[in-house]
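S.K.: Let me begin by handing over the structure; questions about it come next.
The values are calculated or read from the model by the stated rules, or taken from the named source; none is laboratory data. Just so you know, these numbers come straight off a predicted model, no measurement behind them. Using ideal geometry, Cβ is built from the backbone for each residue, glycine included, and neighbour counts are taken over all protein chains shown. With ligands, DNA and RNA removed, areas are computed over all heavy atoms of the protein, side chains included. Shrake-Rupley method; radii C 1.70, N 1.55, O 1.52, S 1.80 Å.
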Amino acid sequence: MPTAPFDLLPSADPTAETIRADILENPGFGRYFTDHMAHVRWTNAAGWHGHQVRPYGPLTLDPAAAVLHYGQEIFEGIKAYRHADGSVWTFRPEKNAERFRRSARRLALPELDDETFVESLRALIAQDRNWVPTPASEADECSLYLRPFMIASEKFLGVRPSQEVDYYVIASPAAAYFKGGIAPVSIWLSSNYKRAAPGGTGYAKCGGNYAASLAAQKEAEAHGCGQVAFLDAAENKWIEELGGMNLFFVYKDGRLVTPKLTGTILEGVTRDSVLELARDEGLSPEERHISIDEWREGAASGEITEVFACGTAAVITPVGELVGEDERIRCPEGDNPIAKRLRKRLLDLQYGRAEDTRGWLVQLA
Ligand code: COI
């Protein structure tokens with residue numbers, strides 16, 4: 001379905017080039033935002049309309065807007081990469097678009113068609129392409145992180161799906177998600193909290209899932225850890241995922257295991273890509289249940305040789321240890337060669353340094 005064109009309302013006060021250059025030197029993650037944002041409005045009566053790219057800035061929301069009370073909200077995370085010839089590309093946006101529709105269905109929000117989703121990224125990049133950083137080297141994972149999101153904006157306190165919704169895309173130049181770059185992170189094993197339960201919203205990318213992870217994330221930080229790992233809610237036994245990333249386990253016989261999707265785990269685009277790229281590395285990927293005991297025993301016996309986290313923001317980051325109330329599971333000492341190889345394969349593809357045999361890249365500018 002062809003999408004409506006995005007009207008342009010250029011910013012009257014764009015960031016000065018010297019300030020933007022300083023920001024792009026050291027953007028961190030999620031701290032700075034570009035000059036524009038994309039917006040499309042939905043009402044029950046008119047459907048999707050008002051496609052626009054306009055100056056980035058605060059939203060005006062009625063204090064009774066449904067999102068502020070009942071959390072009817074979903075979002076996505078996807079990156080724009082600058083290639084050596086200056087062109088700008090994104091990675092498997094149809095996967096994000098499809099997940100966004102799945103999340104919308106779970107949160108009783110209207111579905112945005114995939115073409116409009118991809119076009120909204122393109123329309124924003126057309127204005128803000130100078131914000132896409134140029135990597136300084138092959139190890140540099142800088143990009144422009146794009147954050148599409150949808151909120152229930154109807155002024156109404158009754159509990160029912162909102163009849164008015166707004167979709168936006170904002171963009172933020174990004175370096176590595178973790179301060180230590182690809183240095184192994186410590187992970188806290190939450191025993192007090194669960195992230196998702198069967199029949200709940202675990203598979204949806206909705207703000208509520210992340211809000212529910214924050215108390216556990218605070219515990220993680222209090223214990224010197226960068227992320228929190230959750231076990232399943234029913235049996236408190238099966239490894240699910242981290243607060244904002246999926247997990248992989250490398251076995252010494254070449255198996256690469258990740259928890260199976262059962263409705264409580266976010267279907268990560270990076271997770272899916274790693275499962276495919278693993279075969280090119282001669283690994284045998286497996287999606288199955290993996291228990292916390294298997295992690296304990298595998299790390300102790302040396303069967304598990306590496307553990308890594310992955311996500312759009314985190315790319316692929318090795319896990320150094322899992323810290324619990326009264327235990328510490330150290331991942332085997334080592335250089336995490338498999339995580340590093342998969343990470344390089346993924347980044348080479350995303351930055352156009354390797355041939356895109358699967359047609360995963362989509363040009364934005
Ligand atoms: C992403 O990886 O894009 C996410 O949304 C996760 C969050 C930790 C930034």
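S.K.: List the aspartates and glutamates whose Cα lies under 17 Å from the Cα of Lys95, skipping any in the same chain that are fewer than 8 positions away.
M.R.: Glu76, Glu111, Asp113, Asp114, Glu115, Glu119, Glu267, Asp272, Glu276, Asp356
S.K.: Once label points are set 7 Å from the Cα along Cα→Cβ at both Asn192 and Arg330, what is their separation, rounded to one decimal in nm?
M.R.: Placing both labels 7 Å beyond Cα along the Cβ direction yields 2.8 nm.
S.K.: If you average over every viewing direction, what projected area does the convex hull of the Cα atoms of segment 279-365 give, in nm²?
M.R.: If you wrap the Cα atoms of segment 279-365 in a convex hull and average its projections, you get 7.6 nm².
S.K.: What full-extension length gain, to one decimal in nm, is calculated for His289 and Asp85 as 0.36 nm per residue of separation minus the Cα-Cα distance?
M.R.: Difference between extended and current length: 69.1 nm.
S.K.: Segment 205-244 to segment 100-150: how many Å between their Cα centroids?
M.R.: Spelled out, the Cα-based centre of one part sits 25 Å from the other.
S.K.: Under a 10 Å cutoff between Cα atoms, tell me which one of Gln163, Gln227, Gln72 has the largest fluctuation in the Gaussian network model of the chain.
M.R.: With Cα springs under 10 Å in the chain, the top fluctuation among Gln163, Gln227, Gln72 is at Gln163.
S.K.: Output the Cα-based Rg and Dmax of segment 171-228 in Å, rounding Rg to one decimal and Dmax to a whole number.
M.R.: Cα only, segment 171-228: 13.3, 36 Å (Rg, Dmax).
S.K.: What accessible area, in Å² to the nearest ten, does a 1.4 Å probe give for Arg345?
M.R.: Number for this one is 80 Å².
S.K.: Please report the relative contact order for the chain, taking Cα pairs under 8 Å with a sequence separation of at least 6, and give it as a percent rounded to a whole number.
M.R.: Relative CO of the chain lands at 18 percent.
S.K.: Can you work out the FRET efficiency for the pair Ala183 and Arg105, with r the C-beta to C-beta distance and R0 = 30 Å, to the nearest 0.05?
M.R.: 0.20
S.K.: Then there is this: For segment 201-242, which trypsin sites (Lys or Arg not before Pro) are both in a DSSP coil and crowded by at most 16 other Cβ atoms within 10 Å?
M.R.: The qualifying sites are Lys237.
S.K.: Go through segment 166-263 and name the GluC sites (Glu not before Pro) that are in a DSSP coil and have 15 or fewer other Cβ atoms within 10 Å of their Cβ.
M.R.: Glu235
S.K.: Cβ neighbours within 10 Å, averaged per peptide: list 292-300, 89-97 in order, most packed at the top.
M.R.: Sorting 292-300, 89-97 by mean packing, highest first, produces 89-97, 292-300.
S.K.: Now for a different question. Where the centroid of each part is defined by its Cα atoms, how far is segment 259-292 from segment 36-98 in Å?
M.R.: Cα centres, segment 259-292 to segment 36-98: 28 Å.
S.K.: Whole number please: convex hull volume per residue, Cα atoms of the chain, in Å³.
M.R.: 143
S.K.: Is it possible to state the helix-based mean residue ellipticity at 222 nm for the chain, with each DSSP H run of 4+ residues giving -39500 (n - 2.57), the sum divided by total residues, to the nearest 500 deg cm²/dmol? What is it? If you can, show how the numbers build up before the last one.
M.R.: Values: 8 runs with 95 residues, N = 365.
My calculation for the chain gives -8000 deg cm²/dmol from helical runs alone.
S.K.: To make sure I understand the rule: partners must be lysines, Cα under 16 Å from the Cα of Lys252, and not fewer than 8 residues away in the same chain. Which ones qualify?
M.R.: Within the straight-line cut-off, Lys252 pairs with Lys340.
S.K.: Compute the FRET efficiency between Ala215 and Ala4 as 1/(1 + (r/R0)^6), taking r as their Cβ-Cβ distance and R0 = 30 Å, and round to the nearest 0.05.
M.R.: 0.10
S.K.: At 0.36 nm per residue, minus the direct Cα-Cα distance, what do Asp356 and Ala12 gain on full extension? Give it in nm, one decimal, please.
M.R.: Value of the extension gain: 120.0 nm.
S.K.: Let me ask you something else. Cut-off 10 angstrom, C-alpha nodes, Gaussian network model of the chain. Which of Ala12, Ala21, Ala64 fluctuates the most?
M.R.: Ala12
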